[in-house]
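Below is one structure; the comments refer to it alone.
Nothing in this text is a laboratory measurement; each read-out follows from the coordinates by a stated rule. This one's a predicted model, so the numbers in the text were calculated from it and none came from an experiment. We place every Cβ from the backbone using ideal geometry, glycine too, and count neighbours over all the protein chains shown.
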Amino acid sequence: MTTITANLQAIHTRIASAARQSCRNPDDITLLAVSKTWPAESVRAAAAAGQRRFGENYVQEGVGKATELSGLGLEWHFIGPLQSNKTRAVAETFAWVHSVDRLKIAERLAEQRPEALPPLQVCVQVNVSNEASKHGVPLDAAGALMMQIARLPRLRLRGLMAIPAPNPDYEAQRRALRPVRELFERLRADGLAIDTLSMGMSHDLEAAIAEGATLVRVGTAIFGERSKAGA
Ligand SMILES: *Cc1c(COP(=O)(O)O)cnc(C)c1O
């Protein structure tokens with residue numbers, strides 16, 4: 001068994017036990033394997049072990065791997081900061097974008113999504129680390145942005161994404177993610193048809209699952225430590 005195969009099994013075990021602890025069904029939690037900085041061969045190894053969904057942070061790198069591995073039937077998610085001059089490549093290549101944080105980016109993705117492809121699945125990234133990050137829309141502005149995005153053609157609004165500042169403490173991890181869950185539930189109660197809460201990484205996926213995550217984005221715990229340059 002390769003390391004990647006063993007790591008994937010260990011992550012599925014972590015997801016299942018965190019789900020059970022919260023009386024949730026493990027099948028309601030999707031694993032996104034974050035392959036940024038790793039070569040296509042690593043993705044191939046994970047795919048051979050049954051992993052289908054992969055996340056990338058850098059447009060060119062992601063497009064390169066998606067193109068090279070197009071025969072494998074994988075689903076590619078863009079999860080990194082997105083500048084407006086890179087939206088076309090993302091709209092043409094990826095199935096999902098988790099990191100939309102302003103209307104202009106969503107409008108460009110809608111305009112540039114090819115008619116021949118299914119709608120681009122979109123999450124709005126919220127900023128839960130305040131000063132620590134310049135990415136993501138403030139929690140109190142997310143609802144209005146989502147209402148606008150929900151009206152755009154060729155996009156399908158799916159939910160919220162968050163990247164809290166790293167914290168080793170489980171309770172602190174939960175506290176950081178709780179406002180995202182509360183916003184998600186409020187928006188659903190207001191009638192927004194969203195189903196995805198994209199939060200949880202290698203170090204905090206248990207806390208994220210306890211706070212209702214439906215998709216966890218895991219890199220290091222599957223592929224290993226990234227070299228500093230690509231971290
Ligand atoms: C790198 C990255 C991940 C994966 O982080 P790990 O700590 O390696 O699991 C998840 N989400 C985003 C947005 C990332 O950039």
Would you kindly calculate the mean projected area, averaged across all directions, of the convex hull enclosing the Cα atoms of region 108-231, in square nanometres? 9.0
Report the Cα centroid-to-centroid distance between region 10-32 and region 132-146 in angstrom, as an integer. 27
What net charge is computed for the residues neighbouring residue 122, neighbours being all others with C-beta under 9 Å from the C-beta of residue 122, Lys and Arg scored +1, Asp and Glu -1? +2
Electrostatic dipole magnitude of region 125-199 [Cβ: Lys, Arg +1; Asp, Glu -1; Cα centre; debye, to 20]: 340
Classify the chain from the C-alpha gyration tensor, please: rounded if a/c falls under 1.5, else prolate or oblate depending on whether a/b exceeds b/c. oblate
Take each uninterrupted DSSP H stretch in the chain, measure its Cα extent along the helix axis, and return the ones at 15 Å or beyond whose mean Kyte-Doolittle hydropathy is at least -0.5. 3-21, 139-150
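Let me spell out the model: positive unit charges on the Cβ of Lys and Arg, negative unit charges on the Cβ of Asp and Glu, origin at the Cα centre of region 62-184. What dipole size does that give, in debye rounded to 20? Please report the intermediate quantities before stating the final value.
Working: 16 positive and 12 negative charges, 40 e Å.
So the magnitude is around 200 debye.
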Considering lysine pairs in the chain that are 8 or more places apart or on different chains, how many have Cα atoms under 19 Å apart? 7
